[in-house]
Amino acid sequence: MLKKILLLTIFALSALNFSAFAEQTKTLEAALFTAPWCGHCQRLKKEYLNEFKEQYKDTVKLVEYDISQAGVNIIFNDTITEYGIDVNSAGVPCLVVGKSVLMGYPSDIKTGVDAAIKKALANNERTYFGTKAYIEQCKNEDLNAETQSAASCENDDIAPSVSKEDTLNMFEQITFWAIIAAGLIDGVNPCAFAVIVFFVSFLAVYKYERKEVILVGSAYCLAVFLAYIAIGLGLFNFLYAMSSFYYVMMIFKWLTIALCALFLLLSLYDFIIYQKTKDHNKILLQLPKSYKEYIHKVMRFFLRDKQKSTIRLVLAALAVGFVVSLVEAVCTGQVYLPTIALILKEADAHFIRAMLYLIIYNLMFIVPLIVILALSVMGYESKGFNDFLKKHLGLTKLALCLLFLGLLILLITNM
């Protein structure tokens with residue numbers, strides 16, 4: 001009898017030890033969300049993912065999701081929503097493990113993953129990802145605590161800290177206002193402003209009536225807006241297609257940063273030189289004389305003979321706007337290129353928002369043109385605009401300096 005009791009005791013202890021061992025070696029699930037166009041995602045896969053898998057091969061079961069695949073974006077949105085994160089604040093790469101959500105590489109994922117996994121294993125945390133069905137599953141796993149499990153699934157404090165979310169929102173606000181400032185300053189820089197002034201003076205010299213000025217000016221503004229949108233979309237879509245190639249994007253990003261730094265120095269030089277000499281011919285960042293002459297020829301060719309037909313007049317103004325924009329982009333591209341690089345970063349997680357930023361930039365770009373046309377219709381002469389440009393050229397150059405400095409900081413922090 002004593003022998004039987006001893007054997008039962010040994011069996012019970014063995015069972016308990018096996019259960020404890022099984023609990024200790026229980027695999028923790030984690031979900032990694034990436035996108036092929038995301039440069040940081042490609043960098044993570046190249047530099048760190050294999051190391052992560054090798055380090056945690058016995059403790060973490062990693063499920064990888066590509067949000068460009070059909071339906072995966074829904075899983076991503078459902079997951080971050082369940083963790084209490086606003087969809088508009090989320091981006092990739094994103095690693096979900098236990099009650100922790102890590103976004104960004106190497107800022108969060110590489111530096112914070114060890115602590116997140118240790119916490120999840122120590123507290124027996126469950127990783128929630130997928131749809132509501134998964135939450136129902138986690139509710140039913142523990143029959144002794146169904147109510148607590150349901151509350152844990154839906155109401156646990158598993159969102160990132162408020163300070164991080166506030167930081168993300170602040171950065172989004174900075175980016176938004178940077179786009180607006182870039183468009184407005186680009187619209188009044190000497191390259192664009194000189195063309196606007198000549199356009200208005202041209203209409204006055206050829207004695208266009210107020211109705212014709214409104215018609216031609218509106219068509220010209222529309223053409224400039226559409227032309228710059230087309231240029232931006234062409235460059236943006238090309239870079240977007242190339243974004244899955246890690247080295248191509250790294251070269252582009254560093255080249256853009258280098259150009260932005262160069263334009264900052266040149267703008268600073270122009271500001272200093274103009275403040276000393278007051279001679280606009282000595283500034284470096286302006287349209288070459290040959291380009292200005294070509295723009296003048298285009299305007300004369302299409303608009304010197306006022307068309308009797310309204311349709312022909314509008315078409316002529318549209319043609320002028322497109323051609324002038326293409327030529328003018330040689331100079332205004334100094335601001336446009338780094339701005340597109342900044343917008344491209346936004347596309348890592350929010351493609352539609354990136355497109356809206358592109359539209360907002362170009363709307364801001366034509367605001368000075370619309371204002372000058374409105375003033376000319378009200379009777380202001382082009383000489384006043386020209387005097388205004390010369391008087392505030394130094395201030396414009398200073399604004400460009402500050403703009404390039406801001407874009408440079410944003411581009412570097414987004415590397």
A correct fewest-to-most ranking of Ile214, Ile85 by other Cβ atoms within 10 Å would be Ile214, Ile85
Past 26 Å, Cα to Cα: identify those pairs from Lys289/Lys391; Lys211/Lys397; Lys61/Lys99; Lys297/Lys397, in the order given. Lys211/Lys397; Lys297/Lys397
What list of ³J(HN,Hα) values in whole Hz, one per residue of the stretch 200-217 in order, does the Karplus curve 6.51 cos²θ - 1.76 cosθ + 1.60 (θ = phi - 60°) give from phi, with Gly and Pro shown as x? 5, 5, 4, 5, 6, 4, 8, 6, 6, 6, 4, 4, 5, 4, 4, 5, 5, x
Checked the stretch 165-413 with the C-alpha gyration tensor, a ≥ b ≥ c its square-rooted eigenvalues, rounded below a/c of 1.5, otherwise prolate if a/b is larger than b/c and oblate if not; verdict prolate
Burial order of peptide ranges 49-60, 93-104, 357-368 (average beta-carbon count within 10 Å, highest first): 93-104, 357-368, 49-60
Give, in nm to one decimal, the length gained when the segment between Leu326 and Leu62 is fully stretched (0.36 nm per residue of separation minus the Cα-Cα distance). 90.1 nm
Can you give the FRET efficiency for Arg304 and Gln69, using 1/(1 + (r/R0)^6), R0 = 41 Å, r = Cβ-Cβ distance, to the nearest 0.05? 0.15
With contacts defined as alpha carbon pairs under 8 Å and 6 or more residues apart, what's the relative contact order of the stretch 165-413 in percent? 46
Rounded, prolate or oblate: which one fits the stretch 235-368, using the alpha carbon gyration tensor with axes a ≥ b ≥ c (rounded when a/c is under 1.5, else prolate when a/b beats b/c, else oblate)? oblate
Assign one of three labels to the stretch 28-128, namely rounded, prolate or oblate, based on the Cα gyration tensor with a ≥ b ≥ c the square roots of its eigenvalues; rounded applies when a/c is under 1.5, prolate when it is not and a/b is larger than b/c, and oblate otherwise. oblate
At most 16 other Cβ within 10 Å, DSSP loop - trypsin sites (Lys or Arg not before Pro), the stretch 182-254: Lys207
Per DSSP, loop chymotrypsin sites (Phe, Trp or Tyr not before Pro) in the stretch 180-249 with at most 15 further Cβ within 10 Å: Tyr206, Phe245
With +1 at each Lys and Arg Cβ and -1 at each Asp and Glu Cβ, the charge dipole magnitude of the stretch 165-413 around its Cα centre, to the nearest 20 debye, comes out at 1080
So for the stretch 165-413, taking the charge dipole from beta-carbon charges (+1 Lys/Arg, -1 Asp/Glu), which of Phe302, Ala341, Leu284 sits furthest toward the positive end? Phe302
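Any read-out appearing in this document is the output of simple, stated calculations on the displayed coordinates, not a laboratory observation. If you're wondering where the values come from, they're calculated on a predicted model, not measured in any experiment. We place every Cβ from the backbone using ideal geometry, glycine too, and count neighbours over all the protein chains shown.
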